[in-house]
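Okay, so here's the structure we're looking at.
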Amino acid sequence: MLRKLLAILSAFLCFGLANQGHAEDGYDLWLRYQPLESGAKARYQPLITHLVAPNSRPTIRAATDELQRGFKGMFGHALVQRETVMGNGSVLVTRADSPNLKGLDLPFAKLGEEGYLIRSATIAGHRVTIIAGNSDVGALYGVFRFLKLLQTGQPIDNLDITDAPKLKIRVLNHWDNLDRYVERGYAGQSLWDWQKLPLYKDPRYIDYARANASLGINGTVLTNVNAKADVLQPEYIAKVKALAEVFRPYGIKVYLTARFSAPLDIGGLKTADPLDPAVRAWWKARVDAIYAEIPDFGGFLVKANSEGQPGPADYHRTHAEGANMLADALAPHHGVVMWRAFVYAAENAEDRHKQAYSEFQPLDGKFRDNVLVQVKNGAIDFQPREPFHPLFGAMPKTPLMMEFQITKEYLGFATHLAYLGTMWEEALQSDTFRPARGSTVAKGIETPVEPGAATGMAGVANIGSDRNWSGSQFDQANWYAFGRFAWDPDARAADIARDWARLTWGNDPATVDTVVRMMMGSREAVVDYMTPLGLTHQMATGHHYGPGPWIADLQRPEWNPVYYNKAAPDGIGFDRTAKGSDALSQYAPQVAENWGSLATVPDALLLWFHHVPWDYRMKSGRTLWDELVIHYDAGVDHVRTMQADWAGLRGKVDAERWAQVRDFLSIQLEEAIWWRDASIAYFQSISKRPLPEGHKPPAHDLEYYKAITTPYAPGQVH
Ligand code: GCW
């Protein structure tokens, strides 16, 4: 009897341990290295007996440290490390020029500077695994891939993997202020503790670098695009240098935002005119001083003449003249300028959708080689759904970078579960038809404008000082997915979700399927309960928290949600056809034709491009009004489905993270209902149509929703 009890008890304990692991709070991200089950251990162990790697090179050191960390976690012990092959099961971490690889015919030629290979091979009669690149960073990336194979239970006895990034610059943009406030940040304070740098380097900086390197992210812009010039002062450069030193072994360069008026703000000059010789000399000296401290400094990211930021237009100069001035200062050091195309001007009555194209497209070919124009995903902003930006494909002589927003300013902050991989895939796989069919946005950004020219992708980071880094467990997936798309813009959101789910929540197939299902439908749900059928920018003012479709009193027309919805007794939507703003003419004729015709425009973009009557017949046979209401409800229903799915995972994942996700889903449901009810209350006050059968009226009247204010919502512009 006692024996039986003990058996039950120990089975319970084992079950508990196997399924719940140690208490987890999300700090470990996708690099959890949980103990392997004994079968996997037994299979792997003969193939991994010791480590062969040079130990004097910092990046190889970072790679072997990571392997050892992984082995300790997964197998319970570290491996002996030597510099030469010792026997079966050696794992070599090295570079193409290693004497250990002499005589082997390995495909290094196709790996480029940062790619890697992982190969099962025989050296001097020993069965070994080679992880190598043309550079040490390549080997580091290979190590992360190898660890992923182990974490996800893949066979490793006959490996022949090669991989290389398709873009050169894979960079996070931190909108972090020097006082540690993060604009549009929902995950605590900035990681950069400027006040304690350079003498105190928070060990967390290394974990940040590890996480990024595991994805192949090779750069980080430390400061907000709404910039302060102070970061260019020597005392801050010393702090930036300290961060650069931490990140360097992980293949990560630091970049800064450059405030265009810095020569005035901190330089004592009377102008920041980019053609003024004194201004040019000031920037050159400043840049030289940065490189004296940080020889591999990446360069500058600039927001100019946008939302109050200074820029070359203040001196009647073009964006190209402004960018080129900085580019000339950076060129001798091989630095780059990432110049943002996110511009729209207060005094310009043109449809905001059109303004970036109007301003930048004519400048094609006018930028220096070391300038990239960074184009947001979405001509308006980072909305839950936008058609692809018309600049993609339209500036064939200029390197265009994609800018995605990882932080969810417009998709429910940290508490709404919204996987952005599907949104990014949608944008990247859009066909620009420039120059011809099949010219996707992804291809456009991958293909250098001439051999050797720069390519890149930027992601506005969702990282902060929260223990879980991103503000929620599931928001980690967006950081992860960004890294994967920056490495390969043709990657698939579903594959990425699956990898992330396995690494983050374990390999149990039912758990993984559930997590992936929740993720894959989640962004569409947000679109449905916030801005269905091509509506956009319906968020409340300033903080963008919650609905405000009625807002009409802000100073600039394009800050008002009514500007975007144009809801009126005759119908709803923004006419961007030739009869309206004609934004469609900025796209290739095939695209313009497709979206310009009511017969072919997808439902998802209907109100983006057309103003249609409330009784307009949709493809479904329903009226637009009914369809709109149905979409709001579908969004809310999806959140309920996610709740039910997640409830089913209780006990299958660790309790702490599970409970946080559960509670955040409750917040999401409450807010999804708020969005649905407020939007329907407002639009019904104009459409004057009854709700379709079976759809409940909003819980309160319109005045109730209009009266809600949330002045302390996080992430606002400071
Ligand atoms: O989406 C808007 C944000 C601003 C941001 C701006 C930009 C950094 O509301 O906070 O400013 O975009 O991208 O420059």
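The values are calculated or read from the model by the stated rules, or taken from the named source; none is laboratory data. For clarity, every value in this text was computed on a predicted model and none was experimentally measured. Positions of Cβ are backbone-derived with ideal geometry, glycine not excepted, and every protein chain shown enters the neighbour counts. Accessible surface is based on the protein model in full, side chains and every heavy atom, while ligands, DNA and RNA are left aside. Shrake-Rupley method; radii C 1.70, N 1.55, O 1.52, S 1.80 Å.
Tell me, which residue of the stretch 233-256 that is of a type in the set (A, V, I, L, M, F, W, C) and in contact with a strand residue (DSSP E or B) (Cβ under 7 Å, 6 or more places away or on another chain) is nearest to the ligand (Cβ to nearest atom)?
Checking each candidate, the answer is Leu256.
Just one of (1) surrounded by 22 or more Cβ atoms within 10 Å (Cβ to Cβ); (2) over 24 Å from the mean Cα position of the chain (by Cα); (3) under 16 Å from Gln45 (Cβ atoms); (4) not small (Gly, Ala, Ser) trips up Phe146, so point out which.
Failing condition for Phe146: (2).
Which pairs do you get when a residue that is over 17 Å from Gly534 (Cβ atoms), found in the stretch 548-569, comes within reach of a residue that is open to solvent by 50 Å² or more (accessible area, probe 1.4 Å) and in a helix (DSSP H, G or I), reach meaning Cβ atoms under 8 angstrom, with the pair 6+ apart or on two chains?
Short answer, once both residue conditions are applied: Trp550/Lys706.
Check Gln383, Gln355 and return the single one that is of a type outside the set (Ser, Thr, Tyr), within 16 Å of the ligand (Cβ to nearest atom) and not in a helix (DSSP H, G or I). Before you say what the answer is, go through the steps one by one.
Working: Gln355 fails: not in a helix (DSSP H, G or I).
Being of a type outside the set (Ser, Thr, Tyr), within 16 Å of the ligand (Cβ to nearest atom) and not in a helix (DSSP H, G or I) holds for just one of Gln383, Gln355, which is Gln383.
Does Ser214 meet the test of being assigned by TED's automatic domain parsing to the domain that holds Ala486, hydroxyl-bearing (Ser, Thr, Tyr) and either within 16 Å of the ligand (Cβ to nearest atom) or free of Cβ contacts under 8 Å to residues at least 24 places away in the same chain (or both)? It would help to see each step written out before you state the result.
Numbers: assigned by TED's automatic domain parsing to the domain that holds Ala486: yes; hydroxyl-bearing (Ser, Thr, Tyr): yes; either within 16 Å of the ligand (Cβ to nearest atom) or free of Cβ contacts under 8 Å to residues at least 24 places away in the same chain (or both): no.
Answer is no for this residue.
Which numbered condition in (1) open to solvent by less than 20 Å² (accessible area, probe 1.4 Å); (2) more than 16 Å from the ligand (Cβ to nearest atom); (3) in a loop (DSSP other than H, G, I, E, B) is the only one that Phe413 fails?
Among (1) open to solvent by less than 20 Å² (accessible area, probe 1.4 Å); (2) more than 16 Å from the ligand (Cβ to nearest atom); (3) in a loop (DSSP other than H, G, I, E, B), the lone unmet condition for Phe413 is (2).
If you take the residues of the stretch 296-310 that are touching a helix residue (DSSP H, G or I) at 6+ places or on another chain (Cβ under 8 Å) and farther than 19 Å from Pro263 by Cα, which of them is farthest from the ligand (Cβ to nearest atom)?
Asp296
Does the stretch 434-447 include one or more residues that are part of a loop (DSSP other than H, G, I, E, B), touching a residue at least 24 places away in the same chain (Cβ under 8 Å) and within 16 Å of the ligand (Cβ to nearest atom)?
Residues of the stretch 434-447 part of a loop (DSSP other than H, G, I, E, B): 434-439, 447.
If we keep only those that are touching a residue at least 24 places away in the same chain (Cβ under 8 Å) as well, we get 434-435, 437, 439.
When the remaining residues are screened for being within 16 Å of the ligand (Cβ to nearest atom), the result is none.
Within the stretch 434-447, none of the residues are part of a loop (DSSP other than H, G, I, E, B), touching a residue at least 24 places away in the same chain (Cβ under 8 Å) and within 16 Å of the ligand (Cβ to nearest atom).
Of all strands (runs of 3 or more DSSP E) completely enclosed by the stretch 157-257, which ones contain at least 2 residues that are of a type in the set (Val, Ile, Thr) and farther than 25 Å from Gln716 by Cβ?
On the way: elements: 160-163, 169-173, 219-221, 253-257.
Output list reads 160-163.
Any idea which of Tyr141, Tyr200 is at pLDDT 95 or above, away from the ligand (no atom under 16 Å from the Cβ) and open to solvent by less than 20 Å² (accessible area, probe 1.4 Å)? Explain how you work it out, then say what you get.
Numbers: Tyr200 fails: open to solvent by less than 20 Å² (accessible area, probe 1.4 Å).
Criteria check complete, one pass: Tyr141.
Going by the conditions given, is Arg259 within 16 Å of the ligand (Cβ to nearest atom) and open to solvent by 10 Å² or more (accessible area, probe 1.4 Å)?
Answer is yes for this residue.
Are there any pairs with C-beta distances below 7 angstrom linking a residue in the stretch 651-679 that is without any contact (Cβ under 8 Å) to a residue 60 or more places away in the chain to a residue that is open to solvent by 50 Å² or more (accessible area, probe 1.4 Å) and assigned to a helix (DSSP H, G or I), with the two at least 6 apart or on different chains, and if so which?
Short answer, once both residue conditions are applied: Leu669/Arg640; Leu669/Gln643.
Name the single residue, out of those in the stretch 358-372 being open to solvent by less than 10 Å² (accessible area, probe 1.4 Å) and farther than 28 Å from Met539 by Cα, that is farthest from the ligand (Cβ to nearest atom). Before the answer, list the steps.
The initial filter retains those residues of the stretch 358-372 that are open to solvent by less than 10 Å² (accessible area, probe 1.4 Å), namely 360, 371-372.
Next, from what is left, pick out any that are farther than 28 Å from Met539 by Cα: 371-372.
Working: Val371: 18, Leu372: 16 Å.
So the residue we want is Val371.
Among the residues in the stretch 406-423, are any farther than 26 Å from Leu222 by Cβ, more than 14 Å from the chain's Cα centre (by Cα) and free of Cβ contacts under 8 Å to residues at least 40 places away in the same chain?
No: zero hits.
Check Gly267, Gly219 and return the single one that is at pLDDT 95 or above, crowded, with 22+ Cβ neighbours inside 10 Å and in the same structural domain as Arg467 (by TED's automatic domain parsing).
None of the other options fit; the residue is Gly219.
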